[in-house]
Amino acid sequence: MDVTVRSARPGDGSDLARGWLDGCRYYAALDPERFQVPDDDGLAEWFEELLARPASEDEVWLVAEVDGVVVGNVSAELHQPIGTAARQLLRFLGEPRLFVSALGVEEAYQRRGVAARLMEAVEQWGRERGAVLVSLDTWIHSQQSVPFYERRMGYRRASILFEKRLDQPG
């Protein structure tokens, strides 16, 4: 399978919407109280609006294309060192770092190297801009993403995010 990784561009909206819904269905099936499948009415147009906006030099949105069809995407942003880094507990606040905000690959193309290609490309994009660390978050109960990041991509768990609903008893 020949995979091409390139920048997302106007015209990718319908493919991105299809892939977004695919990923949403996966997570909503795992935990319908936490995740939902969004309304698809106007979703492709919403993606087209996002694609038409001027991007910051510190943002990247890449897609993976197979036979001219977008089957996956990744987005990330570069965070620069903060001015008060010397007074902070976390060392990484004094380093340029990349935060991956989203990664998705359509189900039919999973476990075929597409996500790895996207992650390698976004990591390279970060390296070229001076990033020395990349971080992301994923749902801890995902039997796909957790092993992918740990075993396939070499990431390690670094923190735990706690949450509590305030609009429900207990």
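Readers should treat all values here as calculations from the given coordinates under stated rules, not as data from a laboratory. Since this is a predicted model, take the numbers as computed values, not measurements. Backbone-built Cβ (ideal geometry, glycine too); neighbour counts: all protein chains shown.
Of note:
- Cβ-Cβ under 8 Å pairs, at least 6 apart or on other chains, segment 145-162 side within 18 Å of residue 102 (Cβ to Cβ), far side loosely packed, with under 11 Cβ neighbours inside 10 Å: 146/140
- The lone exception for residue 94 - which of (1) under 24 Å from residue 3 (Cα atoms); (2) surrounded by 11 or more Cβ atoms within 10 Å (Cβ to Cβ) it fails: (1)
- Candidates 52, 29, filtered to the one that is out of contact with any Phe, Trp or Tyr (no Cβ under 7 Å at 6 or more places or on another chain), among the hydrophobic types (A, V, I, L, M, F, W, C), surrounded by fewer than 12 Cβ atoms within 10 Å (Cβ to Cβ) and within 30 Å of residue 167 (Cβ to Cβ): 29
- Of all the numbered requirements in (1) charged (D, E, K, R); (2) buried (at least 16 other Cβ atoms within 10 Å of the Cβ); (3) not in a strand (DSSP E or B), residue 65 misses one, and that requirement is (3).
- Residue list for segment 122-144, restricted to those being over 16 Å from the mean Cα position of the chain (by Cα) and either within 29 Å of residue 80 (Cβ to Cβ) or in contact (Cβ under 8 Å) with a residue 12 or more places away in the chain (or both): 127, 128, 129, 130, 131, 132, 141
- Checking residue 111 against (1) part of a helix (DSSP H, G or I); (2) out of contact with any Pro (no Cβ under 8 Å at 6 or more places or on another chain), the condition it does not meet: (1)
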